[in-house]
Amino acid sequence: RYINHVHISEPNLKPIEERELHIKLKKVLISEGYKGYVSIEMCKVDNLVVLDEKMKYVAGIFQ
C-alpha cells in the first residue's frame, strides 16, 4: 500500500553483505502484500564474479 519500491544497500554503497535482516524484510514485505521489485543499490564493482554473487544472493531471498 505505502511501499513504492525497495532498495537493498550497505553503508557507503559497499557490496551487499548477507544479513538476517534481509530475511526479516522479506517477511514484512510479504505480510504487507508488496508485489514490486527489490533492487540492489551499490557502488560500481569491477569484479563481475562479485556482482553475480550479490545478484544471486538477493534474488535467492526475494524471488
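Only residues that are among the polar types (S, T, N, Q) and surrounded by 10 or more Cβ atoms within 10 Å (Cβ to Cβ) were counted in region 1-51, giving 2.
Pairing each residue of region 22-48 that is polar (S, T, N, Q) with any residue that is loosely packed, with under 10 Cβ neighbours inside 10 Å, provided the two are 6+ apart or on different chains, yields C-beta distances under 9 Å for SER39/HIS5.
Every read-out reported here was derived from the displayed coordinates using simple, explicitly stated rules and does not represent laboratory data. On a predicted model such as this, the values are computed, not experimentally measured, just so you know. Note: ideal-geometry Cβ built from the backbone for every residue, glycine included; neighbour counts use all protein chains shown.
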